[in-house]
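Values in this text are rule-based calculations from the coordinates and carry no lab data. From a predicted model like this one, the values you see are computed outputs, not experimental measurements. With ideal geometry, Cβ positions are generated from the backbone for all residues, glycine too; neighbour counts draw on all protein chains shown.
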Amino acid sequence: IPDVDFTDYWITNEDGATHLFPEQDRISFMALGEYTFSGEMNITPYFEVLYNKRETYADSLGATVGIEVPGTNPYNICNPDGFGQDCGLAFDAYTNDPGYTDDFQAQFGGFCLSIGLTIEQCRYSTFFGFVGPIGPSAIDAQVGIKGDRNFVESEVDQLRIVGGIRGDLPQISIGSLDNWSFDLSYVFSDGTGTSLRQGVNEERLLYSLETSRFSVPGDTSSPIICGDNDGCVPVNMFAPSLYERLLDNDFATQAERDYLFSSRTFDTTYKQTLASFLMSGDIAELPAGSLAAAFGYEFRNDDIDSIPNDVARDGLLYGFFRDLGAVGEKDTKEWFVEVEAPLLANATAFKELTLNVSTRHTDDEFYGGAYTYSTKLAWRPVDSLLIKGTVGTSYRAPNLRENFLLGTSGFLTLFDPCVTPEAALALGVGGLEYDRAEDPRSDIVLQNCINAGADPENLGISTTGATFPSYGVEILRGVGQQSLREEKSDSFTAGFAWDQPFFSSFDLTIGATYYEVDIRDEIVTLGSQSSINSCYNDAEFDSPFCDNIDRDADGFIDEVRQAFLNRDALQTRGVDINLSFDWPTQVFGRAVDFSSDITFNRKLEFSDRFIPLEGDPSVDSDLGEFGLPEWEGQGIFRADVGDYRFTWSTRYLSSVSADQDLLDAWPFDNYVEGGSNT
C-alpha cells in the first residue's frame, strides 16, 4: 500500500474541483383531477398538469489551447524585434552550453572516438552545424486556461397540460349497438432547453495575435495595440501566468480574459399540440360474445426551434464544432378503426378464438397519406395455453430532426479521388508530368472531378512530387431533408403463452414469440466517404451525392454534408423467450414470496440491404457483431419479506466480433477502443 498519493502533488490534478457526476437541481409539480356529473351519460371532465425543471452544472477537466503565434507578434519569444530574441541564435547558444556539451559527450563520446574525432570535437555543432540568425519566426504556444470550455450549465423546463371530457352514449344503444362511450382530449406539451458554455474565442485570439504591434513602429517602449479601433486587446500568449501549471492558468490581465472569453449558448423549444377523439362500443352480439369496435381521429402539430447564438453557429470557441440548430414545424392527421370479434368460445379445442383487425390512415403535411393495418388472432385450445399471431404494416414519417436539423460539424480524414495519384506522375524534360496511361482512375472519375471544378491531373502535387489524397475535411453531420420519403414496414409474429395449471402453490408462465420485420426506405445518413465514392463513380455524371460536397477555389474538398436519405432496407428475425415464476412460501415461519422474470432474445437475422443508384443491391449481415449478439438475456430474481424486497439481476450476452471488412482494412487497430494499436 503506497504511503504517498502522487496525485496530491500532480500539477494537473483537479479531483477536488471537477464533478464525478454533474450537479443537478430538480423541481417537479403534478396535479390531476376529474369530476363526474350525475346522469346516465356520466359526463366526466378531467385535467392533468405536469411541470418539471432541471438545472445541471458540470465541471470537467480543463482543455488546452494550442496556437501558432506569428513571428511579427511583439510578445513572441522568437521575435528579436519585440520582447523576444532570435531563436536560431538561442538554439546555438543552448547546444554549445558547457552543460549540454558535457551531456552530449557522455552519451556519444564512444561513437565520436570510433569515427576518429576527439572528445573536444564531439559536439552537437560538429554534426549538425549552427542554425545562425533566423529573425522573427512563428512559434506554437500551448496553454491550459482557467474556465476554458470546462464548465457547462443547462436548464430544461417541461410543461404538459391535458384537458378532456369523456362519458357514455346511451342514446345510441339501438338494436345491437350497446355500451358506447367517447373521449375527447387536448394535450399541449412545451419543452424548453438552454445551455451555456464559456471559452476562448478562437477568431478573436487569431485576430489579436495577427494584428498586435507597437503603436510606434520600431519603438519597443511604445504601447502595444491590435486591430483597428474595434476593441481588440493585445494578448500575451507567453505571459508567465499562463505557464504556472499545465492547466488552470490565467492571462496576464483581466482585459485579455474579458476580450477573449465568449459564451456559447443554445436555446431549444419543442412544442406539440395533440387533439384526439375516440368512440368505442359493441356493434353486434355474436354467439361467442360481443363484436366490439372503436374509431377515432387525431390531429398533431410538432414545432421545433433550436437556435444557436453566433458563437455556437459559427463554431467560434477554440476547437469546438459548429451547430446550426433546427427550425420547422409540421401537421399530422390520423384516423383509425379497430374491430375485435370473438369467433368461438367454450367449444371443444376452442376455449377462445378471437380476431382483431385494425387500420389507420396517416396524412403527413409533407408526405401525403398512407394506410397501415394490423391483424391479430388469438386461439386458446385450453385455458392454460394461448397461441397468437399477428400480421401487419407500419408507417413512419420523418421526424422533426430528420426534416429540419441543420447539422453539426466535425472533422474526418477522407480520401479524395480527384487528387492526382503519384503513380500517374513521370519525370519529364520540364520536371514532373502527368501520364494518363499510368493513372489507375477511370474516365468516369476524372470527368466527375472536372465537373466538380477540380483538376484531376494536377491537384495535390507537392514540389517533391508526393501527393496526399487523404486529408482532413470538415463534416456537417445530420442535415435534415424535407424531400425524404416515409419509412414503411411489414411484420409477422407467432407465439404462445402457457400458464401451468397443475399446482396451486406456485405460478409459472412460459412464452415464446417468433418475429419477422422488414423495413423499406429506411432513413439513414450515408458516411462522408461513401458520399464521395458514390459521387465520383457515377457513370451518369449527375449523382445527387455531389450536391453534398463543396470544394474550395484551390480544388480541395472544403465540406461534406451527411444528409439524411432513404437508401436501405432492414430485415430482422428472431425469437423472444419469457419465463415468469412466483412462489409464496414460508421460511422459518415467516412469509416469503420468491419470484423471477427471465427473458431471452435469439436473433436469427439482422441485415441491411444497400440499394445503390446503379447495380444490384448488396446485403450486409451485422448479426454477431458489436452491439448485435446472437443471444442476449436477463434474469431478475426477487425475495419479498414483509416490507423488504431483495433483488438480484444478471445479464447475458453471447460473444461478438468486429466486422471482417474492418479487420481487413485496419489489421493493427483495436476496434473496440477506437484505434489504439494492440
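Remark on the range 25-84: Rg and Dmax equal 32.7, 97 Å (Cα only). Treating r as the C-beta distance of Phe214 and Asn451 and R0 as 51 Å, the FRET efficiency rounds to 0.50.
Please give the FRET efficiency for Tyr243 paired with Ala466, using the beta carbon to beta carbon distance and R0 = 41 Å, rounded to the nearest 0.05. Write down the numbers at each step before the final one.
Numbers: r = 37 Å, r/R0 = 0.90.
Computed FRET efficiency for Tyr243 and Ala466: 0.65.
Shape summary of the chain, radius of gyration then Dmax from alpha carbon positions: 35.5, 120 Å. I'd like the distance between the alpha-carbon centres of the range 309-365 and the range 176-192, rounded to an integer number of Å. Centre-to-centre distance over Cα atoms comes out at 17 Å. Relative contact order, whole percent, for the chain stands at 7, derived from Cα pairs under 8 Å and 6 or more residues apart. Taking label positions 7 Å along the Cα-Cβ direction at both Tyr46 and Ile598, the computed distance is 3.9 nm, reported to one decimal. Here the range 620-646 is scanned for amide nitrogen atoms under 12 Å from the site 7 Å beyond the Cα of Val524 along Cα-to-Cβ, giving 620-622. Taking only the Cα atoms of the range 375-471, the ratio Rg/Rh comes out at 1.51, with Rh defined as the Kirkwood radius. Computed over the Cα atoms of the range 42-178, the ratio of the radius of gyration to the Kirkwood radius (Rg/Rh) comes to 1.65. Each peptide among 265-277, 564-576 gets the average number of other Cβ atoms lying within 10 Å of its residues, and from highest to lowest they stand as 564-576, 265-277.
Screening the chain for whole DSSP H helices with an alpha carbon extent of at least 27 angstrom along the helix axis and a mean Kyte-Doolittle hydropathy of at least -1.0 yields nothing.
Take the Cβ-Cβ distance between Phe506 and Ile387 as r, set R0 to 22 Å, and report the resulting FRET efficiency rounded to the nearest 0.05. Rounded to the nearest 0.05, the efficiency is 0.40. Taking other residues whose beta carbon is less than 14 angstrom from the beta carbon of Glu605, and scoring Lys, Arg as +1 and Asp, Glu as -1, yields -3. Take the Cα of Lys53, step 7 Å toward its Cβ, do the same at Val517, and the gap between the two points is 3.9 nm. A simple charge model with +1 on the Cβ of Lys and Arg, -1 on the Cβ of Asp and Glu and nothing else charged puts the dipole of the chain at about 1720 debye relative to its Cα centre. A quarter of the convex hull surface defined by the alpha-carbon atoms of the range 417-468 gives 3.5 nm² as the mean projection.
Here the label points at Val156 and Ser125, each 7 Å from Cα along the C-beta direction, are separated by 6.6 nm in the simple model. Here's the list of lysines a cross-link from Lys351 could span, going by alpha-carbon distance under 28 Å and ignoring same-chain residues fewer than 8 apart: Lys376, Lys388. Our estimate of slack between Thr64 and Ile172, defined as 0.36 nm per intervening residue step minus the Cα-Cα distance, is 31.5 nm. Using a Cα-Cα cut-off of under 13 Å, which aspartates and glutamates could be cross-linked to Lys330, ignoring same-chain neighbours fewer than 8 residues away? Excluding near neighbours in sequence, the set is Asp302, Asp303, Asp305, Asp363, Asp364, Glu365, Glu402. Working from Cα pairs under 8 Å separated by at least six residues, relative contact order for the range 87-134 is 56 percent.
Counting 0.36 nm for each residue step from Asp582 to Ser655 and taking away their Cα separation leaves a gain of 23.2 nm. Over the C-alpha trace of the range 273-431, radius of gyration and Dmax come out as 28.8, 99 angstrom. Fully extending the segment from Ser114 to Thr36 would add 17.5 nm, taking 0.36 nm per residue of separation and subtracting the current Cα-Cα distance. Per residue, the convex hull spanned by the Cα atoms of the range 87-134 amounts to 58 cubic angstrom.
Computed over the range 107-239, the quotient of the alpha carbon radius of gyration and 2.2 N^0.38 Å is 2.68.
Cα-Cα pairs above 17 Å in the range 227-272: how many percent?
Within the range 227-272, distances greater than 17 Å cover 53 percent of Cα pairs.
Where in the range 455-474 does the amide nitrogen come within less than 14 Å of the point 7 Å from the Cα of Glu422, taken along Cα to Cβ? 461-470, by backbone N distance to the label point.
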